[in-house]
Amino acid sequence: MSDEDRFVLCMLAPAVAILGLLVAYPVGLLIYDSFFKVETITPHIREWVGLQNYVDALTSKRVVESALRTLQYSVFALFFEFTFGFSAALLFSAMVGQSRWHRTIFALPLMVPPIVAGLLWRFLLVGNIGILNYGLVRLGLISDPNEIAWLSSEDIVIYSVSFADIWLTTSFVALVSYAGLTNIPKDLLEAARIDGANALKRFWHVTLPLMRPVIAVVVIVRGVDAAKTFDLIWIQTQGGPRHASEVFSMNIYQRMVRFGDLGEASASGTLFLLVMMVLAGIAYWKIWRPAHA
């Protein structure tokens, strides 16, 4: 081994040690606990149950329903975050140097803690005192502030709690997308324009293909982040009404903290980790990889 290789290893050793301590060890402990029946009040007492915790998690109606709600929440939030964020990025790019203050103002929600954002949107949406419903009454869209129960209707609550997430992280999508748009060579766009391509064709055949890596990053990061959301929903509804807004991360929390079942909670967490890795791999394969093919 050369001196240069040893130097590189020495520089990487602290980072590897920190990752092992803060990432590898907790994940390994999570997987290890998933094979045992463990109570949180007596964690030193373990009973080997093999795959039984996984079977119980996969056959639990409440777990399956919370997983489906997580999918609903994630797809809904990610769709609007990407639509609004990418549209804003295109607008900033079209404004060239005049968008500095617009970008700064647009990024302000990123500075708000999730708990504060959840409380803010709870006050905006809650019952007959929510500001949003009174605004809709003033606009003539509804006749009574009680007409739409954003946080107490089982049919729409899972979508209502996502408003805070959309408001909070659309700025992230916009700024990342804008950074990607600024790296697109202007020569390619100019050549397409000279060849007679209109704005829509330039966007579809030049901008969008070159934005594949950025789109992949946004989809993976925001998709995983939305799927594991806990605080934004908990502060608004605590999973209610009647578990209608209980997502998978909340189900794991309830199972571990309220019911004290560390083993099954660990199994659910391991399944969640595997599903997120598979979805991230699919997003990479379908979105990012073709750009390098």
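Points worth noting:
- Listed residues His205, His102 arranged by accessible area, highest first, probe 1.4 Å: His205, His102
- Fully extended contour minus Cα-Cα distance, from Ala199 to Lys186, at 0.36 nm per residue: 3.3 nm
- Estimated from the Cβ-Cβ distance and a Förster radius of 35 angstrom, the FRET efficiency linking Val75 and Leu29 is about 0.65.
- GluC sites (Glu not before Pro) within segment 1-53, DSSP loop, no more than 14 other Cβ atoms inside 10 Å: none
- Annotation for segment 232-287 versus segment 1-64: alpha-carbon center distance of 17 Å.
- Extreme residue, positive dipole direction of the chain, given options Tyr284, Ser249, Ala88 (C-beta unit charges): Ala88
- Scattering curve values for segment 55-101, log₁₀ I(q)/I(0), Debye with Cα scatterers, q = 0.14 Å⁻¹: -0.54
- Per atom type, segment 185-293 shows carbon and sulfur on 66% of its accessible surface, probed at 1.4 Å.
- For the chain, the residue among Thr270, Leu110, Ile41 whose Cα projects farthest onto the positive side of the dipole built from Cβ charges is Leu110.
- P(r) histogram, all alpha-carbon pairs of segment 229-288 included - 10 Å bins from 0, percent: 22, 38, 29, 11, 0
- Every helix of 4 or more DSSP H residues in the chain counts as -39500 (n - 2.57), and over all residues that averages to -20000 deg cm²/dmol at 222 nm.
- What the Cβ-Cβ distance of Trp48 and Val278 gives, at R0 = 30 Å and to the nearest 0.05, is a FRET efficiency of 0.65.
- Accessible surface for Ser87 stands near 70 Å², nearest 10, in the context of the full protein assembly shown (1.4 Å probe).
- The phi torsions of segment 76-86, fed into the Karplus equation with coefficients 6.51, -1.76 and 1.60 and a -60° offset, translate into couplings of 4, 5, 5, 4, 6, 4, 5, 4, 5, x, 5 Hz, rounded to whole numbers, with Gly and Pro shown as x.
- Potential lengthening between Val221 and Leu91 on full extension [0.36 nm per residue; Cα-Cα distance subtracted]: 44.5 nm
- Extension gain (nm, one decimal) between Asn146 and Thr104, 0.36 nm per residue minus Cα-Cα: 11.5 nm
- Short-range pairs are left out: with C-alpha atoms under 8 Å and at least six residues apart, the relative contact order of segment 153-293 is 30 percent.
- Magnitude of the charge dipole, the chain, Cβ model with Lys/Arg +1 and Asp/Glu -1, debye to 20: 600
- Packing-based order for 170-177, 116-123, using average beta carbon neighbours within 10 Å, highest first: 170-177, 116-123
- Cβ-Cβ FRET estimate between Leu119 and Glu65, R0 fixed at 41 Å, reported to 0.05: 0.95
- P(r) of the chain over all Cα-Cα pairs, binned every 5 Å from zero, in whole percent: 1, 5, 9, 11, 12, 13, 13, 11, 10, 7, 4, 2, 1, 0, 0, 0
- Ligands, DNA and RNA are left out, and with a 1.4 angstrom probe the accessible area of segment 171-293 is 52 Å² per residue.
- Within the accessible area of segment 5-100 (1.4 Å probe), percent carbon and sulfur: 75
- Low-density loop cleavage sites - chymotrypsin sites (Phe, Trp or Tyr not before Pro) in segment 234-272, where at most 14 other Cβ are within 10 Å (DSSP): Phe259
The values are calculated or read from the model by the stated rules, or taken from the named source; none is laboratory data. Note that the structure is a prediction, hence the values are computed from the model and not measured. Using ideal geometry, Cβ is built from the backbone for each residue, glycine included, and neighbour counts are taken over all protein chains shown. Please note that ligands, DNA and RNA were not included when accessible areas were found on the heavy atoms of the full protein model with its side chains. Shrake-Rupley method; radii C 1.70, N 1.55, O 1.52, S 1.80 Å.
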